[in-house]
1. Using the heavy atoms of the protein chains alone and a 1.4 angstrom probe, what is the accessible area of the stretch 117-248 per residue in square angstrom?
2. At 0.36 nm per residue, minus the direct Cα-Cα distance, what do Asp86 and Glu137 gain on full extension? Give it in nm, one decimal, please.
3. Between Ala152 and Ser197, what is the label-to-label distance in nm when each label sits 7 Å out along the Cα-to-Cβ direction?
4. Expressed in nm to one decimal, what extension gain is obtained for the pair Asp54 and Glu28 from 0.36 nm per residue of sequence separation less their Cα-Cα distance?
5. For Met1 and Glu37, what is the calculated FRET efficiency with R₀ set at 41 Å and r taken between the beta-carbons, to the nearest 0.05?
6. Hey, could you pull the Cα Rg and Dmax for the stretch 1-132, both in Å?
7. List the aspartates and glutamates whose Cα sits under 14 Å from the Cα of Lys94, skipping any in the same chain fewer than 8 residues away.
8. Please compute the per residue accessible area over the stretch 60-107 with all protein chains in place, 1.4 Å probe, rounded to a whole number of Å².
Amino acid sequence: MTLETAVVGGGVVSDYHLSGLTQCPDTELVAICDLDESRAREKATEYDINAYADFEGMLARESLDWIHLCTPVGTHLELARMAMEDGIPVLIEKPVTETVAEAEELERLVEEHDATVSVVHNHNFSPAMRKARGLIEDGTIGRLRSVDLLYAGETFPDDVRRGAWAFELPGGEFEEGLPHPIYMVLNLGGYPESTDSIQANTSLANEYTQEFAYDSVQFQYTTDDGVLCSGTVLASDVPHKVIQVHGDRGSIEIDVVSQSVTVLDRDYQASPKTRALANVDHILGRVQGTVENLVAVGRRTVDDDWDSVRNLDSHSYQFGEEVRAIQRGEPMAVPVTEGTWTLRIIEAVREAAAAADGEQTVPLSTDNT
């Protein structure tokens, strides 16, 4: 079954959706909707699809099997509600909603309508994350004990990327990108056992012309299974993004930048020889990851088919997983629950920043356009 699909919102992020849906063999991109009618028409002309400036009008005129919401976050809940009432599966750009309360309401509506709803957490579908998750599920490192993330090189709060609206956030552009490292930890380690188990600290390392609350974050929590999860996210010029996953029979190190995965499953302290093997295993992991990436890039250069595209592009890979879930009536690749927990951790971060400044927190408010 080919899914007739529409994209709602014509901002920068929508291009990932429009392009991916055009290339996916199991979707037919049929429409785009944006309040800016000229922008909707421009995108519609580019992709040879129908243009709408009215969401309800599009629902009335199109026979849709799937909707992608790429609109400002404040509109997500209401637009998703309307789609669910029409029985149409929905994929929502991150963050899933503006507040935790809205995310919890969305979860309630999903259950009430027995609806199919998912969230774009595309970094979970990068080659390295997919490989690491497979190793964890196969029991390569035994029972999971902890997940520790270092995510240096995030956007500075005053970087001009997504629009002036981002500067209204306590962490500016830095905060806008914060969901990515958070949901990667949630995906690998699991969800917190409770909201009370979430702890967060923030600091402001640099000076900016505009006032921001933080540009550095630490968060941690414990899962129901006793897995210790933590993350450190820093705004800086030099990207160094590593996730270490520890089990009772070994560890996995994920280099997010190079997309390499290293398995460390020896007693490296047993002798000088085994200590040297620690370096060998790290080198082999990087070399193997490099070779795999080069092969994937070469394959896409020679044959730019859907499999080659989605293997390298995390957005496209998630689209493919969501399509398969819809076709088979299976759970979606990213449940709304993951989006809700991401917001809960962000709210803990913002409360920590506000407490440090003696200020009141404000609702999460972002705009994907």
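1. Dividing the accessible area of the stretch 117-248 by its residue count gives 42 Å².
2. Extra length available between Asp86 and Glu137 comes to 14.7 nm.
3. It works out to 2.9 nm between the two label points.
4. Here the segment from Asp54 to Glu28 would lengthen by 7.3 nm.
5. So, using R0 = 41 Å, E works out to roughly 0.85.
6. So, for the stretch 1-132, Rg and Dmax equal 14.5, 44 Å respectively.
7. Once the sequence-local aspartates and glutamates are set aside, what remains near Lys94 is Glu102, Glu175, Glu176, Glu338, Asp367.
8. I get 33 Å² per residue for the stretch 60-107.
The values are calculated or read from the model by the stated rules, or taken from the named source; none is laboratory data. Since this is a predicted model, take the numbers as computed values, not measurements. Note that each Cβ is placed from the backbone with ideal geometry, even for glycine, and that neighbours are counted across all protein chains shown. We work out accessible area using only protein heavy atoms, side chains counted, and drop any ligands, DNA or RNA first. Shrake-Rupley method; radii C 1.70, N 1.55, O 1.52, S 1.80 Å.
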